[in-house]
Amino acid sequence: MLRALMYILPLALTIYAFIDCLNTPEDEAKHLPKVVWVIIILLFWIVGPIVWFAAGKMRRAPAGGRTPSEWHRNHRQEWVAPDDNPEFLKSLKEENEKDEAVLKDWEADLRRREEELRKREQDGGDAPEKP
């Protein structure tokens, strides 16, 4: 059991350091580029991970809640509640205006049709419909 632990522990440390290095943003890797750190971790599988944890990475919380992904880091926006978001409120107002315009058109069409029905009923109801 102790022999297996001698191989499993450094292997687990290497895997953890490798994944940690890959997930670390490039600007948080100290002294060397991230690619070089990956090579060091993989080539020197006992010493490499220890050096990575000791000197390769800045050990502070990232500012602004950054994620390791470049896309997320460059495209992150602060979340705003819908009722505090002026763009969302503006879109609601525009939708409301469009809906009101459609409703007014429908009401005008309904009044026109009701007037046509009243005229037909007053004329005797036998008049042919106009297209």
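The values are calculated or read from the model by the stated rules, or taken from the named source; none is laboratory data. Remember, it's a predicted structure, so these values are computed and weren't measured experimentally. Quick reminder, even Gly has a Cβ in these numbers, built from the backbone with ideal geometry, and neighbours come from all protein chains shown. Side chains included, ligands, DNA and RNA excluded: accessible areas come from the protein's heavy atoms. Shrake-Rupley method; radii C 1.70, N 1.55, O 1.52, S 1.80 Å.
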Exercise. On the given criteria, is residue 66 under 30 Å from residue 12 (Cα atoms), at pLDDT below 80 and either surrounded by fewer than 10 Cβ atoms within 10 Å (Cβ to Cβ) or not aliphatic (A, V, I, L, M) (or both)?
Worked result: yes
Problem set entry | Scan of segment 1-25 for residues that are surrounded by 11 or more Cβ atoms within 10 Å (Cβ to Cβ) and among the aromatic types (Phe, Trp, Tyr), ordered by number | 16, 18
Exercise. Do we have any residue at all in segment 26-37 that's in a loop (DSSP other than H, G, I, E, B) and either open to solvent by 90 Å² or more (accessible area, probe 1.4 Å) or over 18 Å from residue 57 (Cβ atoms) (or both)?
Worked result: yes
For this session: Determine which single condition residue 42 fails, assuming it passes every other condition in (1) open to solvent by 90 Å² or more (accessible area, probe 1.4 Å); (2) modelled with pLDDT of 90 or more.
Result: (2)
Exercise. Filter segment 69-103 for residues that are exposed (fewer than 12 other Cβ atoms within 10 Å of the Cβ) and outside any helix (DSSP H, G or I); which is modelled with the lowest pLDDT?
Worked result: 77
